[in-house]
1. Pairs of alpha-carbon atoms within less than 8 angstrom and 6+ residues apart define the contacts here; what relative contact order does the chain have, in percent?
2. Specify which labelled value, from [x] 20.2; [y] 22.4; [z] 21.3, agrees with Kirkwood radius over Cα pairs in Å derived from the coordinates of the model shown.
3. Helix-only estimate, please: 222 nm mean residue ellipticity of the chain, summing -39500 (n - 2.57) across DSSP H runs of length 4 or more and dividing by its residues, to the nearest 500.
4. As a quick test, which of the pairs K277/K341; K138/K234; K176/K248; K88/K273; K65/K88; K35/K291 have an alpha carbon distance above 20 angstrom in this structure?
5. If I model a spin label at D275 and K35 as a point 7 Å from the Cα along the Cα→Cβ vector, what separation in nanometres do I get?
6. What does DSSP give for the chain in terms of the percent of beta bridges that are antiparallel, rounded to the nearest 5?
7. Report the full-extension gain for the segment K88 to E306: residue separation times 0.36 nm, less the Cα-Cα distance, to one decimal in nm.
8. Return the single residue from F243, F111, F152 with maximal mean-square fluctuation; model: Gaussian network over the chain, springs between Cα atoms under 10 Å.
Amino acid sequence: MTVKKVTKTKLLLATLAAMAVIIMAVAGKLENANKRFLSVATASTGGTYYPMGVGLANIWSNHLKNEHIQVTGQSSAGSIENIDLLQKDEAQLAILQSLIAFEAYQGVRHFENRPYHDLRSISVLWPNVEHFVLLEDKIKEGTLNDIAGTHFSVGPQASGTEQSTLIILQGVNLSKKDIRPEYLGYGDTVSAMRDGRLEGGALPAGVPASAVTDMYASGVPSRILNVTDDQLAKINTIADSWFRFVIKPETYPRQIQPVHTIAQPNILMTTRKIDEKTIYELTKVMFENLKEVQQIHSAAKYITPENALKGVSVPLHIGAYRFYRERGLDIPDNLVPPEAKLTATQP
């Protein structure tokens, strides 16, 4: 083969290779153009929010390939930042504490005069169970009323624990003035109780909570307080975010009796601006693939249709609403999307 022919052959091959790259790039752009990219805002990588969000994103992406939907999980500072990400459309889905979702929707406390009425619920994911622990020698009734006059940790300052604890205390006619407040983390609370420097504290967490396990196992003479039905009702008049939760006997060492406490859910949220079909498909995939979903994290075992609306106080997205109606779930009036009510009243 002559040098001239070799050169022509190389040029042809180079041209064909360049054309192949261009075709692949165009095909990739066309494929991406047909995809719907969604992001779910979670929290820091060290907690439960992040692995839960990433796990759900993977399941949605795998099962909705034919629908051209791809979901990714993103870390964040948690519920309050997640509201901001939703408002800026930097996330289309988010995991939020029920309390924070309620405050944002109503425009109260952290969101005073800034109601976010576009916020919509999809499903409860797992419960944040309230563990109000107190030394035995301070217990009289065995309920939240016993916290009055004690040296009590309400959680780190500016934390979600502090915020929810103060609302719960308000529901039983208590405030910081009625206790000697400390602002400790979970491990430090139990350590201080063990050393006699503290009489109790609020330790909301998934069950079993490691700090509470340590409290019982290390012999701290204390127990978890009960929350009465009347107390629960009064707490929910302040922020309608909690539901009844029973901690079964022997969940913790030396815990012989059931504990009748309360929990607020962590909820999968979105906004009214996301279309009905997309949220319907996401909800459907989550509940029709529960075996996969419940393998994401131990907390994911709580994700079931029966638990989907427990403690939800922000209206459902119309896509989730349609799925639950098809499944025959009883949907409270306050969770019916305003969009559905509007459609029902139109001629």
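1. Values: 622 pairs, mean separation 70.1, N = 347.
The normalised contact order for the chain reaches 20 percent.
2. Calculated Kirkwood radius over Cα pairs in Å: the matching label is [y].
3. Working: 12 runs with 137 residues, N = 347.
Theoretical 222 nm ellipticity from helices: -12000 deg cm²/dmol.
4. Details: K277/K341 18 Å; K138/K234 23 Å; K176/K248 31 Å; K88/K273 12 Å; K65/K88 26 Å; K35/K291 26 Å.
Pairs exceeding the cut-off: K138/K234; K176/K248; K65/K88; K35/K291.
5. The answer from the label model is 1.8 nm.
6. Numbers: 25 of 40 bridges.
So the antiparallel bridges in the chain amount to around 60 percent.
7. On the way: separation 218, 0.36 × 218 = 78.48 nm, distance 3.23 nm.
Once the chain is fully extended between K88 and E306, it gains 75.3 nm.
8. F111
Readers should treat all values here as calculations from the given coordinates under stated rules, not as data from a laboratory. The model shown is predicted, which means the values in this text are computed figures rather than measured ones. All Cβ positions, even for glycine, are placed from backbone atoms using ideal geometry, and neighbour counts span all protein chains on display.
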